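Below: the structure, in structure tokens.
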Amino acid sequence: MKMGDLEKRLVNSKRHAQANVKVIERLFPYLDLKGINNVLEIGCGIGMLSDYLSRSYDMKVVGIDVDAEQIEIAIKFLTGNNKLSFAVESATDLPFDNSAFDMVLSFKVLHHIGKWETVLNEVNRVLKPKGIFVFSDFCYTPFLKRILSPFVKNYGLYTLDDLIGYLTGMDIAVIHQEKSMPFIFPCHDILFRKGSG
């Protein structure tokens, strides 16, 4: 689902990008980054986090977003880096081979997608064995999910238990987890690792 103009202004801001970088810098010390070369960022927006990963960690990063306008901006402003590419793609139908990436990132994206389970299936498919999934997003409380379920169809309504349970069922386990409390929705920053196959 594409964002409205107001939300785009927020997520395209330097402040938002810096907040995402802070999440990365908090989470990456829990990982062995050796061997993490090919990275996919789902819902990359204008590509600031993808660019940061490419330049700061020398990773080859593909950023995708369903919004062509966002990708246009990313391509226009972040040229000249041959380890960085962008494409207009849907997270529910990724155009990549199985086991193509060492790491997949999803920052504040999953709650925008009604078929969130399909996105996680695709993440599992494109991740290599022992690959890392970096998740940062809102999770609903069971109470809010129950209240909103009859009315909300185009957004991802899931609890933390829903998310972790679904990934665990695909042999993708939590290796580190943090929680913050913006507004009324708890935000979770989680590192997952895919099993060995």
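The values are calculated or read from the model by the stated rules, or taken from the named source; none is laboratory data. Note that this is a predicted model, so its numbers are computed, not measured. No Cβ is skipped: glycine too gets one built from the backbone with ideal geometry, and neighbour counts run over all protein chains shown. These accessible areas exclude ligands, DNA and RNA; they are computed on the full protein's heavy atoms, side chains included. Shrake-Rupley method; radii C 1.70, N 1.55, O 1.52, S 1.80 Å.
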Original post:
Using a ≥ b ≥ c from the Cα gyration tensor of the range 32-141 (square roots of the eigenvalues), is it rounded, prolate or oblate, where a/c under 1.5 gives rounded and otherwise the larger of a/b and b/c decides, a/b for prolate?
Top reply: oblate
Subject >> 1.4 Å probe accessible area per residue over the range 1-136, in Å² >> reply: 48
**OP:** Would you mind calculating the gained length between Val88 and Glu117 on full extension (0.36 nm times residue separation, minus the Cα-Cα distance), in nm to one decimal?
**Re:** 8.4 nm
Original post:
Sorted by packing (mean other beta-carbon atoms within 10 Å per residue), highest first, where do 28-36, 47-55 land?
Top reply: 47-55, 28-36
**OP:** Would you mind working out the magnitude of the charge dipole of the chain relative to its Cα centre, with +1 at each Lys and Arg C-beta and -1 at each Asp and Glu C-beta, to the nearest 20 Debye?
**Re:** 340
Subject >> Fraction of antiparallel bridges per DSSP, the chain only, in percent to nearest 5 >> reply: 40
